[in-house]
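K.L.:
Here's a structure for you.
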Amino acid sequence: MSAQLIDGRAIAEQIHAETAATIQQLKTQHRLTPGLAVILVGENPASVAYVGMKDKMCARLGIHSEKIHLPASTSQGELLNLVNDLNFRSDIHGILVQSPLPDQISEDVIFAAIDPTKDVDGFHPLNVGKLALGDPTSFVPCTPAGVHELLIRCGITVEGAHVVVLGRSRIVGRPVSLILSQKARHANATVTVCHSRSRNLAAICRSADILIAAIGVPRFVKADMVRDGAVVIDVGINRVDGKLVGDVDFDAVKDKAGWITPVPGGVGPMTIAMLMHNTVLAAKRRHGLA
């Protein structure tokens, strides 16, 4: 019996419809148009593609979008000056600096320079700290927020579940573990975070009710690492022989899991959906409407 497929594209479309309705309401009732600035430094092909998708989605939903494309030779000082200018612009409610950045620029320095109230990617130290404290005024990083929404909208019970997270990155692994373990609705899970130094990894994974793979290794999770009926969320995006594959060996695992996300079409569409959601939330907060 095959697992039930978690259709990230369909769920993202639900969220986009809700976001578009909110934007229309903000425009008609408050003459407020949410604004997002996306900064791209260099010519990383994946980054160019992602930024293009974000720009198109803003246009579709009615968000004012500014795409700022800088050369790979841009200095850290030049980028900081641009971020500072955007921090003070009243028509820009969200600022996103696309990573990875060139070697001469520190991502930590840049993320810390963004106004925390415009940090729609949720990477500013203040927002990271708020998330750790369970403060609902934080901006939650888009991919972990998307994973959470998938679980909620599929009716998967998180409370009391054993969640195993493969990967401890600040982009996915750590924030998703904080989201699911906090004392809140649709949370209260027991979370185990695994990584390259974890012992008995396969056995730990088999103990999971919900297994979240975010380690960046193609098809790493095999069928013998998944217990019957488990929920498997694949955050990985890897290119193998010109084809996109996840961190889960989908063909082997789908006959064992209860629920599973495909790659592509699972978590990926949710990331952009949550970015749009965060941008609208930033605009509402800025104007006291949240």
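K.L.:
Of 281, 133, how do they rank once you tally other Cβ atoms within 10 Å and put the fewest first?
P.N.:
On the way: 281 21, 133 11.
Going from sparsest to densest Cβ surroundings: 133, 281.
K.L.:
Let me ask something else about it. Using only Cα atoms and rounding to the nearest 10 degrees, what angle (0 to 90) does helix 45-61 make with the longest principal axis of the chain?
P.N.:
The answer is roughly 70 degrees.
K.L.:
Quick check on the exposure proxy: order 183, 284, 254 from fewest to most C-beta atoms within 10 angstrom. Walk me through the numbers before you get to the answer.
P.N.:
Numbers: 183 7, 284 17, 254 20.
Starting with the residue having the fewest Cβ neighbours, the order is 183, 284, 254.
K.L.:
Can you list the residues, at least 5 places off or on another chain, whose amide H is less than 5 Å from the amide H of residue 69, using H built in the peptide plane?
P.N.:
Counting only residues 5 or more places away or on other chains, the set is 40.
K.L.:
Now for a different question. Kindly count the pairs of lysines across the chain whose alpha carbons are less than 18 Å apart, treating pairs on different chains or eight or more residues apart as eligible.
P.N.:
10
K.L.:
Could you tell me what fraction of 2.2 N^0.38 Å the Cα radius of gyration of the chain comes to, as a two-decimal ratio? Kindly include the intermediate steps, with their values, before the conclusion.
P.N.:
Working: Rg = 19.0 Å, N = 290, 2.2 N^0.38 = 19.0 Å.
Relative to the rule-of-thumb radius for its length, the chain sits at 1.00.
K.L.:
Going by alpha carbons, how many degrees (0 to 90, nearest 10) lie between the helix axis of 8-30 and the longest principal axis of the chain?
P.N.:
The helix 8-30 is inclined about 30 degrees to the chain.
K.L.:
Taking just the alpha carbons, could you work out the radius of gyration and Dmax for the stretch 30-117, both in angstroms?
P.N.:
Reported Rg and Dmax, both Å: 13.0, 43.
K.L.:
Sort 215-228, 111-124, 14-27 by packing, meaning the average of other beta carbons within 10 Å per residue, with the highest value first.
P.N.:
111-124, 215-228, 14-27
K.L.:
What residues have an amide H closer than 5 Å to that of residue 230, excluding those fewer than 5 places away on the same chain, when H is modeled at 1.01 Å from N in the peptide plane?
P.N.:
Result for residue 230 returns 258.
K.L.:
Another question, then. Distance from the Cα centre of the stretch 27-55 to that of the stretch 176-230, in angstrom?
P.N.:
That distance is 32 Å.
K.L.:
Now for a separate question. Only Cα pairs within less than 10 Å get springs; with that Gaussian network setup on the chain, which residue of 280, 140, 245 has the largest fluctuation?
P.N.:
Top of the fluctuation ranking is 245.
K.L.:
Sort 5, 126, 151, 86 so that the residue with the fewest other Cβ atoms within 10 Å of its own Cβ comes first and the one with the most comes last.
P.N.:
Values: 5 14, 126 17, 151 25, 86 21.
With the sparsest Cβ surroundings first, the list reads 5, 126, 86, 151.
K.L.:
Of 71, 58, 20, which is farthest towards the positive pole of the chain's charge dipole, taken about the Cα centre with +1 and -1 on the beta-carbons of Lys, Arg and Asp, Glu respectively?
P.N.:
The residue sitting farthest along the positive end of the dipole is 20.
K.L.:
Would you work out the relative contact order for the stretch 30-117, in percent, from Cα pairs under 8 angstrom that are 6 or more residues apart? Numbers along the way, then the final one.
P.N.:
Working: 119 pairs, mean separation 34.8, N = 88.
Over the stretch 30-117, the number comes to 40 percent.
K.L.:
Turning to a different aspect of this structure: Just check the stretch 142-269 against the gyration tensor rule for me: Cα atoms, a ≥ b ≥ c as the square roots of the eigenvalues, rounded for a/c under 1.5, and otherwise prolate or oblate depending on whether a/b exceeds b/c.
P.N.:
Working: a/c = 1.39, a/b = 1.28, b/c = 1.09.
Taking the square roots of the gyration eigenvalues as a ≥ b ≥ c, the stretch 142-269 is rounded.
We did not get these values from a lab; they are worked out from the coordinates using the rules stated. Small disclaimer: the values here were computed from a predicted structure and weren't measured. In this analysis, Cβ positions are derived from the backbone assuming ideal geometry, glycine residues included, and neighbour counts consider all displayed protein chains.
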